[in-house]
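Structure first, commentary second.
The values are calculated or read from the model by the stated rules, or taken from the named source; none is laboratory data. Small disclaimer: the values here were computed from a predicted structure and weren't measured. Virtual Cβ from ideal backbone geometry, glycine too; neighbours counted across all protein chains shown.
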Amino acid sequence: GQNIDQPTEMTATEGAIVQINCTYQTSGFNGLFWYQQHAGEAPTFLSYNVLDGLEEKGRFSSFLSRSKGYSYLLLKELQMKDSASYLCAVESGGSYIPTFGRGTSLIVHP
Amino acid sequence: SAVISQKPSRDICQRGTSLTIQCQVDSQVTMMFWYRQQPGQSLTLIATANQGSEATYESGFVIDKFPISRPNLTFSTLTVSNMSPEDSSIYLCSANQGGRIAEQYFGPGTRLTVT
């Protein structure tokens, strides 16, 4: 099985930077996803990390360390619309179906 | 990319009845899935909908309770049978093209309340 841990909730100020961490324990790691989910809406894809290192995509970056079982999502220049739940998901073994963590609810305030 | 629609978007049902949720993808996809998301919780995979064969269910989910159909590469249904209040949840359809680096696309979800 897999064990995926994320903080339940985080708050940050508009314009600031926030880092959302995700740790996982799994065998046969294939890759790690980050998704954004606004309340009442479907999750939308943000990033996918297979190799160690930082992947940058605009205001959002995602980092992976396979040896440490650790990833983070970095959000820069926070905007109010970034208030959402951020889901970490891991693919492992022979299955390319991701297993999701509980998600981190990010609240951005003025 | 793939755009996924679901019907109904929400429903309120009585205990003991059944509800069928439809999922339509705007393009052919290799794999389709059904997830459940309870309030404040993450996504739990119910089953993989296989085209032309029986669905593959995850631990804790059975075909008699959640029968699934997938008649072609763009459409699937999930039925929640003999509902109880514990089945109140959001049910999400998703799809990907299979293989590595397979981005998972999600439908908007069906919010089910069982009274």
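Take the residues in segment A:7-35 that are farther than 19 Å from A:V108 by Cα and away from every other protein chain (no Cβ under 14 Å); name whichever of them is surrounded by the fewest Cβ atoms within 10 Å (Cβ to Cβ).
Of the residues in segment A:7-35, the ones farther than 19 Å from A:V108 by Cα are A:22-33.
In the following step, the residues that additionally are away from every other protein chain (no Cβ under 14 Å) were identified as A:23, A:25-27.
On the way: A:T23: 16, A:Q25: 13, A:T26: 17, A:S27: 8.
So the residue we want is A:S27.
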For segment B:29-63, enumerate the residues that are under 19 Å from B:Q97 (Cα atoms) and assigned to a strand (DSSP E or B). B:M31, B:M32, B:F33, B:W34, B:Y35, B:L45, B:I46, B:A47, B:T48, B:A49, B:T56
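If the requirement is being closer than 17 Å to A:Q79 by Cα, modelled with pLDDT under 95 and either out of contact with any Gly (no Cβ under 7 Å at 6 or more places or on another chain) or of a type in the set (A, V, I, L, M) (or both), which of these qualifies: A:A12, A:A39? Please lay out each step first, then the result.
Values: A:A12 fails: modelled with pLDDT under 95.
Only one candidate qualifies: A:A39.
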Top-ranked residue in segment A:85-110 [being more than 14 Å from chain B (Cβ to nearest Cβ) and buried (at least 17 other Cβ atoms within 10 Å of the Cβ); ranked as farthest from the chain's Cα centre (by Cα)]: A:V108
Restrict the check to segment B:13-28 and report whether at least one residue is within 11 Å of chain A (Cβ to nearest Cβ), modelled with pLDDT under 95 and surrounded by fewer than 16 Cβ atoms within 10 Å (Cβ to Cβ). no
Could you list, ordered by first residue, the pairs with Cβ atoms under 7 Å in which the first is in segment B:74-87 and touching a residue at least 24 places away in the same chain (Cβ under 8 Å) and the second is assigned to a helix (DSSP H, G or I) and crowded, with 16+ Cβ neighbours inside 10 Å, at least 6 apart or interchain? B:V80/B:D87
Looking only at segment B:66-88, which residues are more than 23 Å from B:V3 (Cβ to Cβ) and of a type outside the set (D, E, K, R)? B:F66, B:P67, B:T79, B:V80, B:S81, B:N82, B:M83, B:S84, B:P85, B:S88
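From the list A:L106, A:L54, exactly one residue is hydrophobic (A, V, I, L, M, F, W, C) and within 27 Å of B:A95 (Cβ to Cβ). Which is it?
Every option except A:L106 fails the conditions.
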Quick test of your reading of the structure: A:G40 fulfils all but one of (1) on the phi > 0 side of the Ramachandran plot; (2) in contact with a Pro (Cβ under 6 Å, 6 or more places away or on another chain). Name the failing condition by number. (2)
Just for strands (runs of 3 or more DSSP E) wholly inside segment A:1-80: which have at least 2 residues that are more than 30 Å from B:T110 (Cβ to Cβ)? A:9-13, A:18-25, A:53-57, A:60-65, A:70-75
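Tell me which residues, restricted to segment B:67-94, are in a loop (DSSP other than H, G, I, E, B) and of a type outside the set (A, V, I, L, M, F, W, C).
Residues satisfying the conditions are B:P67, B:R70, B:P71, B:N72, B:T74, B:S81, B:N82, B:S84, B:S88.
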